[in-house]
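Asks: The following block contains the structure, expressed as structure tokens.
The values are calculated or read from the model by the stated rules, or taken from the named source; none is laboratory data. This structure is a prediction, so every number in the text was calculated from the model and none was measured. In this analysis, Cβ positions are derived from the backbone assuming ideal geometry, glycine residues included, and neighbour counts consider all displayed protein chains.
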Amino acid sequence: MKPAKKITQKAHASGGASGKGAKGFTAEERSAMKERIEELKSEARRGRRTDAADGESAVLAKIAALPPADRAIGERLHAIITAHAPTLSPKTWYGMPAYAKDGQVVCYLQSAHKFKTRYATLGFSDKANLDEGSMWPTVFAIQELTASEEARIVALLRKALS
């Protein structure tokens, strides 16, 4: 009896010029990972206790750099989160605006532009207390923020921090 052949696959990080049939990470994902590495290096240089003003200014700079539609959502989300969840500290996370409690990211904004999607998303990490039975949503698509969506976000923040 012959031993089973071991099959190996290699993912190509570059993906080629066309990107067709590409395996591995997209350019956007690689960029986000590079940004995360820089964030970690910056935190290490300043020590674990980073200045809250540094985090706020980094988040505001990321929001200001977004295209107009994403910027409007980012500015409004920042205002909602800082007003209704003052225990969360703004920081960047994989180059995205994020909000952390005790250094752990609770929620973040992923712009539509960054990953070339048709809507921005508000995501919650496993640190958010959103559990409902055996399955619950943790990422929410946002195309615009009306009073109804704002109220829902406030409720999600309260639950996440409970």
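Asks: When you check ALA128 against the structure, is it among the small types (Gly, Ala, Ser) and either assigned to a loop (DSSP other than H, G, I, E, B) or touching a residue at least 60 places away in the same chain (Cβ under 8 Å) (or both), yes or no?
Replies: Yes: the conditions hold for ALA128.
Asks: Of everything in the range 107-117 that's assigned to a loop (DSSP other than H, G, I, E, B) and in contact (Cβ under 8 Å) with a residue 24 or more places away in the chain, which residue is surrounded by the most Cβ atoms within 10 Å (Cβ to Cβ)?
Replies: SER111
Asks: Would you check which residues across the range 141-160 are crowded, with 16+ Cβ neighbours inside 10 Å and closer than 11 Å to LEU77 by Cβ and list them?
Replies: Passing the criteria: ILE142, LEU145, GLU149, ILE153, LEU157.
Asks: Give the residues of the range 79-94 that are part of a helix (DSSP H, G or I) and either within 13 Å of the chain's Cα centre (by Cα) or without any contact (Cβ under 8 Å) to a residue 24 or more places away in the chain (or both), sorted by residue number. Lay out the reasoning, then the answer.
Replies: Taking the range 79-94 first, the residues part of a helix (DSSP H, G or I) are 79-84.
ALA79, THR82, ALA83, listed by residue number.
Asks: Can you tell me which residue in the range 23-47 is modelled with the lowest pLDDT, limited to those that are exposed (fewer than 15 other Cβ atoms within 10 Å of the Cβ) and more than 17 Å from the chain's Cα centre (by Cα)?
Replies: Only one residue fits best here, namely GLY47.
Asks: I'd like to know if the range 48-68 contains one or more residues that are of a type in the set (A, V, I, L, M, F, W, C), modelled with pLDDT of 95 or more and more than 18 Å from GLU35 (Cα to Cα).
Replies: There is no residue in the range 48-68 that is of a type in the set (A, V, I, L, M, F, W, C), modelled with pLDDT of 95 or more and more than 18 Å from GLU35 (Cα to Cα).
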